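Before any comments, here is the structure.
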Amino acid sequence: MAPRGIQLWWLLVTVILARLTSAEIPDNTFEIDLVFPRAGGRYAETDDGLPVLLSIHNPNVAYLYGYRFWWDIYEQPHRTDYWNHSPRNLIGTYFGNGTTFSDAIHLESDARSDRLEAGNYTFHWQLRGGAVCEITRSSAQYDSMFVIGNGSFGFAVESGAPTPTFTGTCPTALGAASFRSATVYRGLPWDEEHGDPATQTLGCGVTAGVTATPEPCRATVDAAQEASLSRRLHWGAFATASTARTGSASGGGGVSLPLMGLMATLAVTIWEAV
C-alpha cells in the first residue's frame, strides 16, 4: 500500500519581502530555505491545514536556471520505504523563466492541506535544479534536472497546541546551486526519428561549485509581514475571516489581490491536487 498522503487544496502565494537585507551570496548562486513547517513543530488543528513557505536568495538566478521543490505530508504510521515514493506536490519553475524580482530575497508559499487531524506526520521533500548540461570538445551531456538536496522530518498536530507562527525562528537551509552560464545543448541522438538532431536545441545551465555558506537567518519574517501573510491565508488571528475559494481546476487562472503593509502583491490560484 502506498504511503498515506494528504489530499491538498493549493494556494499559490508569491510575496516580495521588501525590507530584508540583501543576501551576501554570489550573483551566480541561489539558496533555498524552508521557513515553514519546521522539524519537531507542534501545531494546532486548523480548518485549512498547514502552509509551506520557502525563502529564495537571489530569486532572479533561481528563476532563470530553474528550481523545483517537491514535497509531501504522510500521516504516521506509514510504510518505512516512503523514500522510494517521490513527493507529489510542487513549488518551482523550469529553466528559462524570465520573471525578475527587485529584492534579493523572495518568499514563496504554496499549499494548504486539508484539515490535519491530531496526530504525528512526516514532511518529505526533495529540492531539484533545472536543466543542466556539460559540453566539451569530445562529449556532451544533458539532464532535465539535478538533485540539490532531500530529506524528511516529523511534526505533530495537537489539540491545544499553539497556532503556527512564521516569526522568531530562522528558516532551515535546504540547498544551493551555482552556475557558470546559460547555454544551448544541440543535438539529441535519441530523437533522430523526429528530425535532424543538429537543428534541435535545449536551453540549459552549466553548473559551478557552490562556494557560499548558507545563511537562512537572513530571511526571517517580521511581525508586520506575518500579519499580512496570515490575513491572506486566513491564519492565526485571521482564521475566522470569511474564506472565498475562487479559481478553477488544475488549468485555471488566478486572482491578483493587493497586500496590506509591507508586501506588494499577492497572486492567488487555487486548484485541487490530483
Order the peptides 52-63, 202-213, 174-185 from the highest to the lowest mean number of other Cβ atoms within 10 Å of their residues. 52-63, 174-185, 202-213
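Between SER138 and ALA224, what length comes free when the chain is fully extended (0.36 nm per residue of separation minus the Cα-Cα distance, one decimal in nm)?
On the way: separation 86, 0.36 × 86 = 30.96 nm, distance 5.56 nm.
Value of the extension gain: 25.4 nm.
Say R0 is 22 Å: what FRET efficiency, to the nearest 0.05, do THR100 and LEU202 get from their beta-carbon distance?
Details: r = 23 Å, r/R0 = 1.03.
In this case the efficiency is close to 0.45.
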For the range 63-68, take each phi angle, set θ = phi - 60°, evaluate the Karplus expression 6.51 cos²θ - 1.76 cosθ + 1.60, and give the result in whole Hz per residue in order, putting x for glycine and proline. 6, 5, 8, x, 8, 9
Write out the chymotrypsin sites (Phe, Trp or Tyr not before Pro) in the range 79-110 meeting two conditions: DSSP loop, and at most 16 other Cβ atoms within 10 Å of their Cβ. TYR94, PHE101
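Within the range 36-106, which trypsin sites (Lys or Arg not before Pro) sit in a loop by DSSP and count at most 11 neighbouring Cβ atoms inside 10 Å?
On the way: sites: ARG38, ARG42, ARG68, ARG79, ARG88; in loops: ARG38, ARG79, ARG88.
Loop-located and lightly packed - none at all.
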Once phi is turned into θ = phi - 60°, what whole-Hz ³J(HN,Hα) does the Karplus curve with 6.51, -1.76 and 1.60 give for every residue of the range 71-81, x standing for Gly and Pro? 8, 7, 10, 10, 7, 7, x, 9, 4, 6, 9
What is the distance, in nm, between label points placed 7 Å from the Cα along the Cα-to-Cβ direction at MET145 and at CYS217? 3.2
Under-5 Å amide H pairs with PHE36, H placed in peptide plane, nonlocal only: LEU53
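Just so you know, all these numbers are worked out from the coordinates, no wet-lab data involved. Please read these numbers as outputs of a predicted model, since none were measured by experiment. Because the Cβ atoms are built from the backbone with ideal geometry, glycine has one as well, and the counts that use them run over all protein chains shown.
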